[in-house]
């Protein structure tokens, strides 16, 4: 079975600075997807960024980028120019890319605090 | 704006009551899921569905049941609520190849059983 580990329960960063959230995972599959989701106090789960395992190029979405290291099974999220609105719980998640409905496997989350 | 809707948003109910949490999506997605988020914020898959008349139990054992009579509708029922069921319940859906466009989540139902 696959597992996702987020080793940082909480991170704090000054507004406008850069922060990196860590995620490692374990799977025996070669084809899968990885995601970062953001959950603000409203509890809505919002997709931040996704990465396809077969793509070597790291995904980027505006201020958000990932460092995907397939051999090391590592998938970190970098947030540049942090803004107050980035404060939230961040979840790393894995999904097998084959058919079926196995759903997402989540890490335990990292609580990101933005200091003004 | 989310195309998956959950009602109610908040629910406080007494022990022993029967409750149904509603989830509907307008995207025509085949696959739907229920996640339970405990007070420590961990997310656990409790039910999923491949499509109409398909339901499966997830990784975390749950006393709840689900049904999928229509593609767009995936309600979750607790026959007899208990304080241990107090949690946030998140519904999600995806296309058949789930990773292509990811998963869409509803706003959740925060359930408190007193």
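None of the figures in this text is laboratory data; all of them are computed from the coordinates on show. Predicted, not measured: the structure shown is a model, and the values here were computed from it. Quick reminder, even Gly has a Cβ in these numbers, built from the backbone with ideal geometry, and neighbours come from all protein chains shown.
Return the single residue from A:52, A:15, A:61 with maximal mean-square fluctuation; model: Gaussian network over chain A, springs between Cα atoms under 10 Å.
A:61
With a cut-off of 14 Å, note down the residues of region A:67-89 whose backbone N falls inside the zone around a label point 7 Å from the Cα of residue A:10 toward its beta carbon.
Once the point is set 7 Å along Cα→Cβ of residue A:10, A:88-89 turn out to lie under 14 Å by backbone N, inside region A:67-89.
Counting partner chain Cβ atoms within 10 Å of every residue's Cβ in B:50-63, what's the average?
Rounded to a whole number, the mean comes out at 1.
Any idea what diffusion coefficient chain A gets from Stokes-Einstein, in µm²/s, Kirkwood Rh on alpha carbon pairs, 4 °C, 1.567 mPa s?
90 µm²/s
Once the piece of chain linking residue B:80 and residue B:61 is laid out straight, how much longer is it, given 0.36 nm per residue of separation minus the C-alpha distance between them?
5.3 nm
Consider all pairwise Cα distances in the protein assembly as shown and report the whole-number % of them above 20 Å.
For the protein assembly as shown, the share of Cα pairs beyond 20 Å comes to 59 percent.
At 4 °C and a viscosity of 1.567 mPa s, what translational diffusion coefficient does Stokes-Einstein give for chain B, taking Rh as the Kirkwood radius over Cα pairs? Give it in µm²/s as a whole number.
Reported coefficient: 93 µm²/s.
Using a 10 angstrom cutoff on alpha carbons, build the Gaussian network for chain A and name the most mobile of A:22, A:30, A:42.
Its mean-square fluctuation being the largest, the pick is A:42.
Considering every residue in A:40-46, what mean count of other chain Cβ atoms within 10 Å of its Cβ is obtained?
Mean partner shielding for this stretch: 5.
I want to check the label-to-label distance for residue A:26 and residue A:2. Put each point 7 Å from Cα in the C-beta direction and report it in nm to one decimal.
For the pair residue A:26/residue A:2, the computed spacing is 1.5 nm.
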